[in-house]
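The values are calculated or read from the model by the stated rules, or taken from the named source; none is laboratory data. What you see is a predicted model; the values in this text were computed from it and never measured. Cβ sites come from the backbone with ideal geometry, for glycine too, and all protein chains shown count toward neighbours.
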Amino acid sequence: MRSLRHRLTLMSLLVIAVSVLGTGIFVALLLKSSYLDSLTDRLGKEGRLLVDTLNWEEALDEPALFQQQADKFSRSLDARVTLINRNGDVLGDSSKPPQELGNLKHHAEVARALRAESKGKYNSVTADGKLYVFIPVVKGDGDTARVLGAVRLALELETIDRSLSQIWVSLTGGLLLSFIFAAFMSSRIAYRITRPIEEITQVAVDIARNKLHRRVPVKQRDEIGRLATAINRMAAGLRYQLETIRKNERRLTGVIETMESGLLMVDSEEKVTLANKAIHRFFNMKSPQLLNKPLPERAIFHDLHLLVKKCLDSGERVRDEIHLYFPEERIMEANLTPIYGEKGGMGVVAVLHDITAIRRLEKMRTEFVANVSHELKTPVTSLRGFAETLLDGAAEDPEMREEFLKIIQTESLRLERLISDLLDLSRIESRKMRLDLEEVNVGELIRRTGKTVEEQMRKRDLSFRVEVEEEFRVRVDKDRFSQILINLLSNAMAYTPAGGHVRLRAGKKEDHWWVQVEDTGIGIPEEDLPRIFERFYRVDKARSRESGGTGLGLAIVKHLVEAHEGKIHVESRVGKGTAITLSFPL
C-alpha cells in the first residue's frame with residue numbers, strides 16, 4: 001500500500017507534468033502562430049515596398065524587366081517573388097520560368113488579390129509547405145483606383161521550422177528545468193504536509209499501545225496543528241481517565257482481596273468469573289483451579305451450588321448457612337444476590353462470611369452458662385441441704401452441728417472463690433483490668449510467692465523447691481504475676497500425689513526470660529492439652545472437686561500471661577508429670 005506522501009507526490013508530479021506539457025504545447029503553438037503572423041506581416045510590408053518601388057506601367061512595355069525585377073527582389077527579400085498581371089499571367093518568377101507557371105487566375109488567392117479595391121491590403125495562405133503573401137498592385141485612389149496586377153511572395157516553411165526548432169529546444173529545456181524544480185518543490189511540500197500526519201499517526205499508534213506519555217509536537221497553527229493539539233488533548237484526557245480507572249480498579253481490587261469475607265461471582269453458565277483470596281483460603285484452592293470453571297466440578301461446592309442454582313432460578317436474594325469440612329471445619333453464612341448484565345444472561349454474586357468463631361463463642365457461652373450453673377448449684381445445694389438438716393433438729397446435737405457448720409463454711413468459701421474467680425476472669429477478658437507495671441527482682445518475687453505455698457506443700461507431703469539461675473530485674477504487675485504463679489502451683493499440688501515433687505524455676509536468655517512450674521503428678525493426656533486453658537475444663541473432674549478447684553485457674557493464667565505479652569508452653573506425660581513454661585520478652 002502506497003503512503004500518502006508517495007501518492008501526493010505522484011499526483012503532484014502528474015498535475016505538474018500535464019500542466020507543463022500543456023503549457024509547452026500552448027506556448028509552442030502560440031510562438032509558431034506569432035512567428036507566422038510576424039513573418040506574414042513582414043512579407044506583407046516588404047511586398048508593399050516592392051509594389052511601391054516597382055514602376056509597373058513602364059515594365060509592361062518591356063516584359064523582360066519583370067523577370068529581372070523578380071530575381072532582384074528575391075535576392076533582397078530572401079523569398080520567392082512572382083509578378084502577375086491583371087489577367088493572371090505570370091510576368092516574372094524568381095524560381096521558375098514564367099511560361100511554366102502559365103495563368104494563375106484560377107487560384108482563389110490570386111483572384112482575390114486581383115479584385116482588391118484599395119492599396120495596402122494583402123492576403124496570405126499556407127499551402128504545399130510554403131507561406132504565400134499576395135499583394136495587389138493598385139494605381140490611383142478612390143473611384144479612380146484600378147488593379148494593374150499582383151505580387152506573390154513565397155517563403156519555404158522549412159525555414160520557419162528551422163527557426164522554430166531552436167525555439168523548441170530552448171522551450172523544452174526551460175520546461176524540463178521547470179518540471180524538475182516543480183517536482184522537487186512538490187516533493188518538499190508533500191513531505192512538509194505528510195510529516196506531521198506521520199508523526200500524529202505514530203503518536204496515535206503509541207497511545208493505542210498504552211504509551212500515553214507520547215505527544216505530537218505542534219509547530220504551526222494550521223489545520224494539522226489544530227489536529228495535533230486535539231490529539232494531545234485527547235491523549236492527556238485518556239491518560240487521566242485511564243489513571244483514574246486504574247486507581248479505582250486498584251482500590252476495588254485491594255478492598256476485594258483484603259476482605260475477610262469470601263466474594264464469588266458466577267455467570268449464567270455457573271462458571272466462576274471472580275474469586276478473592278478469602279474464597280481460595282476457605283476452599284483451599286488456587287485461582288487457576290477456580291476461574292472459568294463450573295462450580296459442580298468439585299464436591300466441596302455442592303451446598304454452594306445448590307444455593308446458586310436456587311438464586312438463578314428464583315431471581316431473588318438467597319441467604320443461608322453452609323457447613324464446610326475441608327480443609328477445616330467452617331460454618332459459613334452465604335448471601336447470594338442475582339446480578340443482571342452478565343454475558344449471556346443473569347449471574348450471581350455470593351458473599352461468604354466465616355461465622356465459625358461466632359458459633360464457637362455461642363457454644364462456649366452456652367457451655368459457660370451451663371458450667372457456671374452447675375458449679376454454683378453444687379455448693380448452693382449443699383448449703384441448703386445442711387441448713388435444712390440443722391433446722392429439722394440436727395442443731396440439738398453438738399457434734400453434728402459442728403460438722404455441718406464446718407461443711408457449710410467450706411462450701412461458702414468454695415462459692416466465694418468461684419465468684420471471685422468469675423469476677424477476675426470477667427475483668428481480664430473485658431480488657432478493663434489495668435496492669436500496674438513496676439520493675440522488680442525476679443528472684444525475690446519467685447521466692448516470696450513460693451513461701452506462701454510452702455506450708456500447704458508440707459501438709460500434702462510434697463517436696464517443693466525454688467530455683468533461680470541468676471538475679472535480674474523485669475517490669476511486671478507484682479500482684480497479678482503472683483496470682484499466675486499461685487494458680488499454677490495450686491494446680492501442681494492438686495494433681496501431684498503425696499511424696500511427689502514440685503519445682504518452681506526462673507531464668508533468662510538473650511531475648512526473653514522464663515518461669516517454669518514442674519511437677520511429678522498424674523500428667524495430662526495429649527488429647528486434653530489444647531483444652532486445659534478453657535473455662536471449667538477439668539481433666540480429672542473428681543480430683544478437681546476434691547481439691548476445691550473452680551476450673552477457672554488456668555483460664556485466668558492464660559489471660560494474665562497474654563496481658564504481659566507472654567507465651568505458654570505445656571509439656572506433659574501421663575503418670576510422669578507436667579511442666580508449664582511461661583516466657584516473656586525482655
Notebook entry, point to check: When you look at His280, is it within 17 Å of Val351 (Cβ to Cβ) and either in a helix (DSSP H, G or I) or within 28 Å of the chain's Cα centre (by Cα) (or both), yes or no?
Noted result: yes
Next item on the list: Only residues that are crowded, with 18+ Cβ neighbours inside 10 Å and without any contact (Cβ under 8 Å) to a residue 60 or more places away in the chain: list them for the stretch 504-518, please.
Entry: Leu504
Notebook entry, point to check: In the stretch 230-270, what residues are among the β-branched types (Val, Ile, Thr) and farther than 25 Å from Lys293 by Cβ?
Noted result: Ile231, Thr244, Ile245
Notebook entry, point to check: Quick one: in the stretch 252-270, which of the residues that are assigned to a helix (DSSP H, G or I) and exposed (fewer than 13 other Cβ atoms within 10 Å of the Cβ) is farthest from the chain's Cα centre (by Cα)?
Noted result: Thr258
Notebook entry, point to check: Does any residue in the stretch 19-33 that is more than 15 Å from Gln166 (Cα to Cα) come within less than 8 Å, Cβ to Cβ, of a residue that is of a type in the set (S, T, N, Q) and at pLDDT 75 or above six or more places away or on a different chain, and which pairs are these?
Noted result: Val20/Ser178
Notebook entry, point to check: Only one residue in Glu249, Glu223 is more than 30 Å from Ala28 (Cα to Cα) and surrounded by fewer than 10 Cβ atoms within 10 Å (Cβ to Cβ), so which one is that?
Noted result: Glu223
Item checked: Hits in the stretch 486-499 - residues which are over 15 Å from Val466 (Cα atoms) and crowded, with 20+ Cβ neighbours inside 10 Å -> Asn487, Asn491, Tyr495, Thr496
Note to self: Being closer than 30 Å to Leu264 by Cβ, basic (Lys, Arg) and at pLDDT below 70 is the requirement here; does Lys377 meet it?
What the structure shows: no
Item checked: Members of the stretch 484-495 found to be hydroxyl-bearing (Ser, Thr, Tyr) and within 14 Å of Val453 (Cα to Cα), listed by number -> Ser490
Note to self: Ser178 - would you say it is surrounded by 16 or more Cβ atoms within 10 Å (Cβ to Cβ), under 60 Å from the mean Cα position of the chain (by Cα), of a type in the set (Ser, Thr, Tyr) and outside any strand (DSSP E or B)?
What the structure shows: no
Notebook entry, point to check: Within the set of pairs 6+ apart or on separate chains, which have a first residue in the stretch 179-205 that is under 26 Å from Thr229 (Cα atoms), a second that is exposed (fewer than 15 other Cβ atoms within 10 Å of the Cβ), and C-beta atoms under 6 Å apart?
Noted result: Thr194/Leu4
Item checked: Candidates Thr40, Thr53, filtered to the one that is assigned by TED's automatic domain parsing to the domain that holds Leu157, among the polar types (S, T, N, Q) and buried (at least 20 other Cβ atoms within 10 Å of the Cβ) -> Thr40
Notebook entry, point to check: Within the stretch 319-326, can one find any residue that is touching a helix residue (DSSP H, G or I) at 6+ places or on another chain (Cβ under 8 Å) and not in a strand (DSSP E or B)?
Noted result: yes
Notebook entry, point to check: Restricting attention to the stretch 156-174, does a residue exist that is modelled with pLDDT of 80 or more and either among the aliphatic types (A, V, I, L, M) or farther than 30 Å from Asp37 by Cα (or both)?
Noted result: no
Margin query: If a residue must be in contact (Cβ under 8 Å) with a residue 12 or more places away in the chain and within 15 Å of Ala275 (Cα to Cα), how many such residues does the stretch 242-257 contain?
Written below: 2
